[in-house]
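Asks: Below is one structure. I have some questions about it.
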Amino acid sequence: MTDAFHDAEWLARTRQQGDVTAWLERMPYARRIGVSVESAEEGDGLLFRLAPREDNIGNVLLPALHGGVVSAFMETAATLDLMLAAREPRLPRVVDVSIDYLRTARVVPTLARCELLREGRRMANVRVWAWQSDEASPVATARLHFALAEVSAQDA
């Protein structure tokens, strides 16, 4: 994350407004691979989207998305979802990631949804699933463990 996330006032304000797009704008790699976010239609959390881009292709013969792009997309989604869902403004740091690649990720729009499994005082666990045509048939799933850092006014 960039230093902008250490601005406690900015982080609290954008979090209160639910402005995850402002967070994405400060993440160069997320912008490069084409990550965007919107509210889920059912009002059930956030829906993350990975735009199909030629630069994201890992296997040109199929063609298929690079596994690292899928992984980065899911990590970005989990991090931002946790930042919004946490009880207070926190800066999550990835401790561990476990990803299951379930099927070929074609070069079409890819969606992801997250579920906060547990938030403690210092650690949090998030589950992510990414799909393309049918949410019930994910292309990958992941479980991420985060260390949660406090954001203080002196960090600004």
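The values are calculated or read from the model by the stated rules, or taken from the named source; none is laboratory data. Worth saying up front: this structure is predicted, and the values here are computed from it rather than measured. Because the Cβ atoms are built from the backbone with ideal geometry, glycine has one as well, and the counts that use them run over all protein chains shown. Just so you know, the surface numbers come from the protein's heavy atoms only, side chains and all, with ligands and any DNA or RNA stripped out. Shrake-Rupley method; radii C 1.70, N 1.55, O 1.52, S 1.80 Å.
Asks: Hey, any idea what % of the chain's accessible area is carbon plus sulfur with a 1.4 Å probe?
Replies: C and S fraction of accessible area: 46 percent.
Asks: In debye, nearest 20: dipole of the chain around its Cα centre with unit charges on the Cβ of K, R (+) and D, E (-)?
Replies: 320 debye
Asks: While we're looking at this one, here's another question. Can you tell me the accessible area per residue over region 1-94, all protein chains present, probe 1.4 angstrom, in square angstrom? Walk me through the numbers before you get to the answer.
Replies: Numbers: 4860 Å² over 94 residues.
Accessible area per residue, region 1-94: 52 Å².
Asks: For region 105-128 and region 1-69, what is the separation of their C-alpha centers, rounded to whole Å?
Replies: 12 Å
Asks: Could you sort the peptides 116-124, 69-77 by per-residue average Cβ neighbour count (10 Å cutoff), highest mean leading?
Replies: 69-77, 116-124
Asks: Evaluate 2.2 N^0.38 Å with N set to the residue count of the chain, then give the Cα radius of gyration divided by it.
Replies: Cα Rg divided by the expected 2.2 N^0.38 Å: 1.03.
Asks: Computed FRET efficiency, Cβ-Cβ of L116 and E54, R0 35 Å: what is it to the nearest 0.05?
Replies: 0.55
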